[in-house]
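Input: a single structure, listed below in structure tokens.
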Amino acid sequence: MKIWNHFCTITHHKILVMRHCFQVGLFRQGILHDLSKYSPAEFWVGCRYYQGTRSPNNAEREDIGCSTAWLHHKGRNKHHYEYWLDYGLEDKGIVGSKMPVNYVVEMFMDRIAASKIYKKEAYTDASPLEYYQKGVADTLLHPDTRKLLEKLLVMLAEKGEKKTFAYIRANVLRKKRKGRRMSR
């Protein structure tokens, strides 16, 4: 039963992210989002630690001290800020590199979908912001990446999905597409 439930959960999450990405024009990223979750390294761990109310990665972390599935996942999916961590110059330790805007948007969509999956009927447009504020991501994100992600999370909480997605299409991703056309 855990195998089926885990498969349904990750597939539902993937479909939500895909729909949200499609709404803002990120078709390729929507289709490719989180395919590594179906790889043996991630899928079987997810089945073993499946609970349905939170990420199985947290349960694996509690059990063995780290999440092998997460280590595999974050190294293959550019929409996770952890993918962009590197050694800083001048002995600053580990620092966040600036993420390309399209991956920041995908990360934003990922947070919305995860909140919807785990909060179910209790989800509100403020849920992704609340989850972000409880975490440590803000200390590891590049300042420009943090600024954009926080702007989108606050906008979602205050103005809702429809207006935030329209803003992303018209302002965030449009600038990226214009820049690409000018550089050709």
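The values are calculated or read from the model by the stated rules, or taken from the named source; none is laboratory data. Just so you know, these numbers come straight off a predicted model, no measurement behind them. As a convention, Cβ positions derive from the backbone with ideal geometry for all residues, glycine included, and neighbour counts pool all protein chains shown. Heads up: the accessible areas ignore ligands, DNA and RNA and are worked out on the full protein's heavy atoms, side chains in. Shrake-Rupley method; radii C 1.70, N 1.55, O 1.52, S 1.80 Å.
When the stretch 126-145 is limited to residues that are closer than 20 Å to residue 24 by Cβ and open to solvent by less than 10 Å² (accessible area, probe 1.4 Å), the one that is nearest to the chain's Cα centre (by Cα) turns out to be 128.
Comparison of 103, 123, 167 shows that the only residue that is closer than 21 Å to residue 14 by Cβ and over 15 Å from the mean Cα position of the chain (by Cα) is 123.
Listed here are the residues, each with its yes/no results for (1) under 30 Å from residue 50 (Cα atoms); (2) modelled with pLDDT under 95; (3) not aliphatic (A, V, I, L, M).
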{"position": "89", "(1), (2), (3)": "no, yes, no"}
{"position": "106", "(1), (2), (3)": "yes, no, yes"}
{"position": "113", "(1), (2), (3)": "yes, no, no"}
{"position": "139", "(1), (2), (3)": "yes, yes, yes"}
{"position": "158", "(1), (2), (3)": "no, no, yes"}
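Contact map, the stretch 41-68: residues that are in contact (Cβ under 8 Å) with a residue 24 or more places away in the chain and under 18 Å from residue 118 (Cα atoms) paired with residues that are open to solvent by 30 Å² or more (accessible area, probe 1.4 Å) and part of a loop (DSSP other than H, G, I, E, B), Cβ distance under 8 Å, separation 6+ or inter-chain. Pairs shown: 56/50. Applying the set (1) touching a residue at least 24 places away in the same chain (Cβ under 8 Å); (2) assigned to a helix (DSSP H, G or I); (3) open to solvent by 40 Å² or more (accessible area, probe 1.4 Å) to residue 148 leaves exactly one unmet item: (3).
Scanning the stretch 110-145 for residues being in contact with a Lys or Arg (Cβ under 7 Å, 6 or more places away or on another chain) and of a type in the set (Val, Ile, Thr) gives a total of 1. Inside the stretch 118-129, can you point out the residues that are in a helix (DSSP H, G or I) and in contact (Cβ under 8 Å) with a residue 24 or more places away in the chain? Within the stretch 118-129, 118, 128, 129 qualify. Among the residues examined, residue 154 qualifies as of a type in the set (Val, Ile, Thr) and under 22 Å from residue 24 (Cβ atoms).
Counting only helices (runs of 4 or more DSSP H) wholly contained in the stretch 1-117, the ones carrying 2 or more residues that are open to solvent by 80 Å² or more (accessible area, probe 1.4 Å) occupy 2-24, 27-32, 40-48, 56-64.
Scanning the stretch 23-57 for residues that are within 15 Å of residue 71 (Cβ to Cβ) and of a type in the set (A, V, I, L, M) returns 41, 45. Looking only at the stretch 1-37, residues that are free of Cβ contacts under 8 Å to residues at least 24 places away in the same chain and of a type in the set (Ser, Thr, Tyr) come to 1 in all.
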